[in-house]
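What follows is a set of notes on a single structure, which appears directly below.
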Amino acid sequence: MPRTVSPRIFAAAIVVLALVGGPALAQKQGGTLRIYHRDNPPSASVHEEATVSTNLPFMAIYNNLVIYDQTKDVNSVETITPDLAESWSWDATKTKLTFKLRQGVKWHDGKPFTAKDVECTWNKLLGKDADTFRKNPRAIWYQNVKEIALNGDFEATFVLNRPQPALLSMLASGYSPVYPCHVSTRDMRTKPIGTGPFKFVEFKQNEVIRLARNPDYFVKGKPYLDGVEMRIIANRSTRTLAFVAGEFDMTFSQDITIPLLKDMKSQAPNAICEIKPQYVPRNLMVNREKPPFDNAKLREALALAIDRKPFVDILTEGKGDIGGVMLPLPEGLWGMPPEVLKTMTGYGGDIEKNRAEARKIMESLGYSASNPLKVKVSTRDIAIYRDPGVILIDQLKQIYVEGELEVVDTTIWHAKAARKDYTIGMNLTGMSVDDPDPVFYENYACKSERNYTQYCDPAVDKMIDEQSQETDVEKRKKLVWAIEKKLNDDLARPIIYHDRAATCWHPHVKGFVGHQNSIYSNWRFTDVWLDK
């Protein structure tokens, strides 16, 4: 007699067939991915900028030596995969990291990629190349690199002054592409050449950014998309309505705040929206060289005025996180446990008591309700900066500080901050790698271009170096938390809160994975396809 198959087993079999590559899930070639962009990128040169506004639209032009897996949502040492390097290895001293490079790779202009391009890129970052970067925000990442040693055309070795386990993690960041030796840094700002899955087509200020499929990409059969188009729409309401109307396939990275998400889902119920940490903590910048803020007591008063909970409650409806510099638990690999976080000044105390103490400080300096300290609070002219800036100004009123919001265009914001052209700043600091080395060196080391407050303590630099060499993860965490407490006590750049927000896309967008502990390394688009 013939055997019968239950409906449940039959359905399970269909699912299995689909998962192993049945026609229903076969990737489709073609189509243009349409994403809206929130503002004008300062340039197309990833190495010279410090914003996802550049990183997101232009990362797909380039390749790294290694890259965080674009199909996994956590960036870690375990998810680092080959890119322009086929393999890598450390020597016995842990001071030489050697990469075996792919052969046959071409730049978008047809010229061959070789180890010389790796040497040129890092010589520019190290300031050893005559064609230097105009801005070099992450030069400090590579201060431990003595040289790039080449062995023929397809092997490059990073020679270090001392062991630094985090080097590989930094090289996997979306901020670590390899540049061509034969193209000037000036041209890379406006007409970038890469080896990546997409070629640069055009960038029109206030209008559009276009990329086209690289038919000679070294990964056979990829990318699936014919191109990527990003229209620039400064007004958030306008661009989200355009997404709802189907003019775009995807929103900008985490552009949908928690309060906006409910409205988004009511208008586009089929949209896929993922809420994830940004790892872009909101923080207070104070120009400690500009009077009266050269007075440490006044800076202390500002820090005591901050009540972190309203920021989280108002801007994220309670879904944001209060933490230190490193991404908080559970997503953060180095986040402080709650019992350690509460020991930091300003994190476990009575806010009214803190503000009373702050008012006493202000009164001792001659300020009062009738004689407030008037100051401009500078911030970047996009909503995610302006909104917390308004709350900050309101809180500072509680201690006789009368703030006026000064909004600054994206194209000049980071340059303005770097030259300390501000008094008080409401800042967002993007942490592109969930590792203490790039976070601490980039933002708090004495000689860093991105140390916008120019906080400098040689003892802290020594502590950062110490944790950088530690190979035992648990021991390193304790060193990291000690640095966090020191930075907080010194009011180096007080962290206000860590945000969570959503990135949304329509169901026909397939293969996109958002990383949960960085928004800077998942924009290669190699695996994205459109089911239309």
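Every read-out reported here was derived from the displayed coordinates using simple, explicitly stated rules and does not represent laboratory data. Please read these numbers as outputs of a predicted model, since none were measured by experiment. Note that each Cβ is placed from the backbone with ideal geometry, even for glycine, and that neighbours are counted across all protein chains shown.
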Whole angstrom only: what separates the Cα centroid of region 422-446 from the Cα centroid of region 487-502?
10
At 1.002 mPa s and 20 °C, Stokes D of region 246-378 from Kirkwood alpha-carbon radius, µm² per second
119
Relative to the Cα centre, what is the charge dipole magnitude of region 61-183, using +1 at the beta carbon of each Lys and Arg, -1 at the beta carbon of each Asp and Glu, and rounding to the nearest 20 debye?
340
Where Rh denotes the Kirkwood radius from the mean inverse Cα pair distance, what is Rg over Rh for region 296-357?
1.00
In Å and on Cα atoms, what radius of gyration and Dmax does region 245-321 show?
18.3, 54
Residue by residue through region 490-498, which ³J(HN,Hα) values in whole Hz follow from phi under the Karplus form 6.51 cos²θ - 1.76 cosθ + 1.60 (θ = phi - 60°), with glycine and proline marked x?
7, 6, 4, 6, x, 7, 8, 6, 10
For region 61-183, what does the convex hull of the Cα positions come to per residue, in cubic angstrom?
114
Using label points projected 7 Å from each Cα along Cα→Cβ, tell me how many nm separate Lys475 and Lys532, to one decimal.
5.6
The chain - percent relative contact order, Cα under 8 Å, separation 6 or more
23
Using only Cα atoms, find the angle between the long axis of helix 7-19 and the longest principal axis of the chain, and express it within 0 to 90 degrees, rounded to the nearest 10.
80
Between Ile322 and Lys111, what is the spin-label point distance in nm, taking each point 7 Å from the Cα along the Cα→C-beta axis?
5.4
Nonlocal amide H pairs with Lys199, under 5 Å, H built at 1.01 Å
Ala212, Arg213, Asn214
With R₀ set to 60 angstrom, the calculated FRET efficiency between the beta-carbons of Lys510 and Glu404, to the nearest 0.05, is 0.80
More than 30 Å apart - percent of Cα-Cα pairs taken over region 282-497
20
Relative to the present Cα-Cα distance, how much length would full extension add between Arg386 and Ser87 at 0.36 nm per residue of separation?
103.2 nm
Distance between the C-alpha centers of region 113-142 and region 75-94? Whole Å please.
20
For the chain, what Kirkwood radius comes out of the mean inverse Cα-Cα distance, in Å?
24.5
Taking a threshold of 18 Å on the Cα-Cα distance, which of the pairs Lys28/Lys510; Lys397/Lys485; Lys342/Lys486; Lys106/Lys222 fall above it?
Lys397/Lys485
Show which aspartates and glutamates lie in cross-link reach of Lys532 when reach means a straight Cα distance below 16 angstrom and same-chain residues fewer than eight apart are skipped.
Asp226, Glu247, Asp249
Rel. contact order, % - alpha carbon contacts under 8 angstrom, at least six apart, region 282-497
30
